Amino acid sequence: MTVAREPPGEPTEELTGEPTDDLLEPLFEPAFYAGDPASHFARLRARGGLLRHAGRGVWVACGHPEVVAVSRDPATFCSRKGVLVSEIGVDYPSPPTMMHTDPPEHTRYRQLVQPGFRPGFVRGLEPGVRERVRALVDAVEPGTPTDVVRELAVPLPLQVGSDLLGMPEDEWPRFFRWSEAVIPGATDWPEDERRSLAAEMVASLLALAAERRRRPVGDLVSALASTEEGDGLADQELAMFLVQLLVAGNETTRNLISGGLVALAEHPGTWEVLRDQRTDHRVLEVAVEELLRWTTPVVAFLRTTTGPAELAGQALGPGEPVLLLYASANRDARVFGTDAERLVPGRTPNPHLSFGFGPHFCIGAALARLEARVLLEELLARFAAVSPAGPCRRTPSPVIAGVAAAPLAFTAA
């Protein structure tokens, strides 16, 4: 389906009359993200693609072209000053994740990890992914409410990630706790517990890397731990890599799966249309792209100007934070047309920003797409329909569009 490119309508007087700071303030309140913020994002875009919260001194890029312009120019809009609003003003002695680096450092890091995510390698993972998917789907009882977060979305990417990292698969519940501990707003656990879990994660991953350095087994950890002299990773860098692979590799895929299944359940008839075309590989690939756009698992990341800059016709000074609101950009009518606020599984083209854009484009995108597509194939093959079986509960995280619980009922084919 080709989407017409039409500009959005003119902002109403009501929209133009609201103070900008008041309009932007909910973005800095975690509870806002536990609801459905899409309608509020539309109000932001009606003001323009780039807005400024004067009180907080933060720019918000809520339009697609504006987010793309920032993302493709790391020399002007850097990541090293922090990628979260909570990091504004923080001075890290070393980058806590690869996301906190800029070229050329980021380029070097990416080249080291890229072989583990090259397209040919990821395609070769499909039989193993399908085996795991089938085992999970086998446990879904038709007609019985199933929390797809707990039963499908949480275990699948963690099990696949365990395979990639060469870690014991039966320990994935522990990996889940590690991951949740470091995502802002994902849980209401005490800060001391979260710090303890994060430290346990780093220590365990470094111990695994040390073991792989002594006895490589051909997995991704062995490759990273055994890089040649001159390109070798210090322990701090290695920990940075492994934490990001474990956390980012499961959080985004998990919420794509859970949010995507909720979206299909909430749009009657969509499941049936996809089921009729489930043998067409390309149809499901296109549908996954629309679910990525619709759910936008990563809500927003931050960049900081390195000097005077211009964006969307506005002058920015040096050291100014710019929040890239991917969840809003993915519904920009200037790019996605007049049906940008609708779920259209056959949407094409679909230049969504759910994996970011430019140098920081998600290195695990192909794996996330594979897991989502295989799960969708297996569910469509077994079930004739899906519907909500209770309220969907979302997490109050300004970073990850998390789904804490999503009870759905699947109808047997």
Please work out which one of (1) modelled with pLDDT of 80 or more; (2) within 18 Å of G161 (Cα to Cα) is the condition A223 fails and give its number.
(1)
Odd one out for L233 among (1) surrounded by fewer than 17 Cβ atoms within 10 Å (Cβ to Cβ); (2) in contact with a Phe, Trp or Tyr (Cβ under 8 Å, 6 or more places away or on another chain):
(1)
Which one of the conditions (1) among the small types (G, A, S); (2) within 22 Å of the chain's Cα centre (by Cα); (3) surrounded by 18 or more Cβ atoms within 10 Å (Cβ to Cβ) does S222 fail to meet, given that it meets all the rest?
(2)
Yes or no: the range 17-24 includes at least one residue that is crowded, with 18+ Cβ neighbours inside 10 Å, under 30 Å from S94 (Cβ atoms) and touching a helix residue (DSSP H, G or I) at 6+ places or on another chain (Cβ under 7 Å).
no
Filter result for S387 (surrounded by fewer than 22 Cβ atoms within 10 Å (Cβ to Cβ), polar (S, T, N, Q) and either over 14 Å from the mean Cα position of the chain (by Cα) or part of a helix (DSSP H, G or I) (or both)):
yes
Among all residue pairs at least 6 apart or on different chains, which show Cβ distances below 7 Å where the first residue, located in the range 253-265, is farther than 17 Å from L380 by Cα and the second is charged (D, E, K, R) and part of a helix (DSSP H, G or I)?
T253/E371
Please specify each residue of the range 322-373 satisfying the condition of being under 30 Å from P103 (Cα atoms) and among the hydroxyl-bearing types (S, T, Y).
Y326, S328, S354
What are the pairs with Cβ atoms under 8 angstrom where one residue, in the range 383-406, is in contact (Cβ under 8 Å) with a residue 12 or more places away in the chain and closer than 22 Å to A181 by Cα and the other, located anywhere, is in a strand (DSSP E or B) and basic (K, R)? Sequence gap at least six, or different chains.
A401/R394; G402/R394; V403/R393; V403/R394; A404/R393; A404/R394; A405/R393; A406/R393
Looking only at the range 357-413, count every residue that is acidic (D, E) and touching a strand residue (DSSP E or B) at 6+ places or on another chain (Cβ under 6 Å) and tell me the total.
0
Sort out which residues of the range 185-210 are in contact with a helix residue (DSSP H, G or I) (Cβ under 6 Å, 6 or more places away or on another chain), under 21 Å from L84 (Cβ atoms) and in a helix (DSSP H, G or I), and write them in order of number.
R194, L197, A198, M201, V202
Take the range 328-358 and flag every residue that is under 24 Å from R278 (Cα atoms) and of a type in the set (K, R).
R342, R347
Here, helices (runs of 4 or more DSSP H) confined to the range 87-157 with at least 2 residues that are surrounded by 13 or more Cβ atoms within 10 Å (Cβ to Cβ) and in contact (Cβ under 8 Å) with a residue 24 or more places away in the chain are 105-113, 126-138
Take the residues in the range 37-78 that are among the hydroxyl-bearing types (S, T, Y) and part of a helix (DSSP H, G or I); name whichever of them is nearest to S328 (Cα to Cα).
S39
Is there any pair linking a residue in the range 35-53 that is over 16 Å from D22 (Cβ atoms) and buried (at least 21 other Cβ atoms within 10 Å of the Cβ) to one that is modelled with pLDDT under 95 and not hydroxyl-bearing (S, T, Y), with Cβ under 8 Å and at least six apart or on different chains, and which?
R45/P8
Residue pairs qualifying under the 7 Å Cβ cut-off, at least six apart or on distinct chains, with the first in the range 165-191 being closer than 15 Å to L205 by Cβ and modelled with pLDDT under 80 and the second being of a type in the set (S, T, N, Q) and part of a loop (DSSP other than H, G, I, E, B), are none
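The values are calculated or read from the model by the stated rules, or taken from the named source; none is laboratory data. As the structure is a computational prediction, the values presented were derived from the model and not from experiment. Neighbour counts run over all protein chains shown; Cβ positions are idealised from the backbone, glycine included.
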